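Taking it in order: structure first as structure tokens, then the write-up.
The values are calculated or read from the model by the stated rules, or taken from the named source; none is laboratory data. Remember, it's a predicted structure, so these values are computed and weren't measured experimentally. Heads up, the Cβs are rebuilt from the backbone with ideal geometry, glycines too, and the neighbour counts pull from every protein chain shown.
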Amino acid sequence: MTKGRLLIAVLSLVSALLIIAACTGTSPTAAPQATATSAPTSATSGAQNMTATSGLSGAGSASSEAAAQLSAPGQAMGTIAPAGPGSAPLASETISRAPTVGQAPALAQSSLAPIYPAIQYSASQQVGIWVTGQGEVTASPDLAIINAGVEARDSTVEAARSQAAQAMGRMVQALNARGIKSGDIQTRFFNISPEYVWNNARNRQELVGYIVNNQVTVRTRDIGNVGLIIDELAERGGDLVRIQGVSFTVENTEALESQAREKAVANLRAKAQQFAQLTGVQLGKPIFLSESGGFVPMVESYAFKALGARESVAALEPPTPISGGELTVTITVQGVFSIIE
């Protein structure tokens with residue numbers, strides 16, 4: 001009977017404890033997890049207690065590492081509790097350790113050290129010495145390009161086409177007589193289009209005829225006689241002739257570009273070396289090179305229309321002056337040189 005009453009009393013006490021724990025929001029096992037007592041030997045040997053508090057940015061890997069270090073047997077006891085609403089948790093550490101003779105107690109800094117982001121360097125940063133070099137070579141042209149043609153108007157397509165064909169035929173004959181081969185004469189534009197005029201009385205456009213345009217590109221190496229060639233084209237084409245312009249160039253520019261490139265690279269290295277001397281560094285090898293520029297032909301405008309018949313051409317004596325002058329080949333090189341430390 002006594003054992004039964006004792007069992008009932010124990011069960012009632014356990015139930016009361018559970019009810020109290022439920023009302024206060026704590027667990028009966030919370031107290032052992034929140035606190036820990038060091039070994040009696042450390043307390044009786046005159047150990048000194050020291051408390052350190054450090055703010056953590058989160059309860060992640062740093063807090064777990066701190067908890068692992070603080071739970072070492074016979075050395076420390078630690079708790080982690082929020083410092084207040086909206087603030088980061090604090091880690092408090094109480095270390096019970098016998099100090100070494102002649103030394104002050106030390107804090108465990110590995111778990112409580114602040115976390116700093118590592119410095120990042122971009123791999124795309126511009127490094128080295130960036131310079132631009134330029135080289136120029138001048139030369140006399142050996143090829144002239146003449147843009148010539150005819151323009152005919154008539155009331156019918158056939159009549160306009162026939163006039164343009166006859167005028168162009170005479171011009172080609174003159175070019176062949178000058179030693180210009182058929183491969184150096186190329187048609188670059190041909191067009192037949194209607195021609196309209198506005199009739200104010202009827203308030204509408206009316207067809208009055210057709211226009212035929214035939215233009216060719218003539219390549220000649222006879223630079224000294226370009227003016228005579230143009231005069232002969234004007235004479236053979238008559239009122240239908242159209243000259244759009246003349247340009248001069250060098251037929252083979254590879255040798256000139258190679259010379260200009262050598263000068264550009266030499267200029268590039270000289271600039272880079274000067275930068276290195278001015279800044280007190282040692283110039284390294286080139287790590288990047290880029291070329292731009294090249295040969296630009298010279299164009300001389302010689303546009304005229306309808307020089308007229310032979311009498312008008314004869315009035316042009318002496319021959320039309322055309323000068324080839326000199327051409328410039330320009331090469332620009334961009335480069336990056338490394339810096340030797």
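Summary of values
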{"quantity": "Identity of the residue in region 296-341, aliphatic (A, V, I, L, M) and modelled with pLDDT of 85 or more, that ends up surrounded by the fewest Cβ atoms within 10 Å (Cβ to Cβ)", "calculated": "Ile340"}
{"quantity": "Yes/no for Leu278 being surrounded by 15 or more Cβ atoms within 10 Å (Cβ to Cβ) and part of a helix (DSSP H, G or I)", "calculated": "no"}
{"quantity": "Residue ranges of strands (runs of 3 or more DSSP E) in region 136-225 with at least 2 members surrounded by 15 or more Cβ atoms within 10 Å (Cβ to Cβ), of a type in the set (Gly, Ala, Ser) and touching a residue at least 12 places away in the same chain (Cβ under 8 Å)", "calculated": "143-154"}
{"quantity": "Exclusive hit being at pLDDT below 90, under 27 Å from the mean Cα position of the chain (by Cα), surrounded by 14 or more Cβ atoms within 10 Å (Cβ to Cβ) and small (Gly, Ala, Ser), set Gly293, Gly284", "calculated": "Gly293"}
{"quantity": "Within region 231-268, tally of residues that are under 40 Å from the mean Cα position of the chain (by Cα) and in a strand (DSSP E or B)", "calculated": "6"}
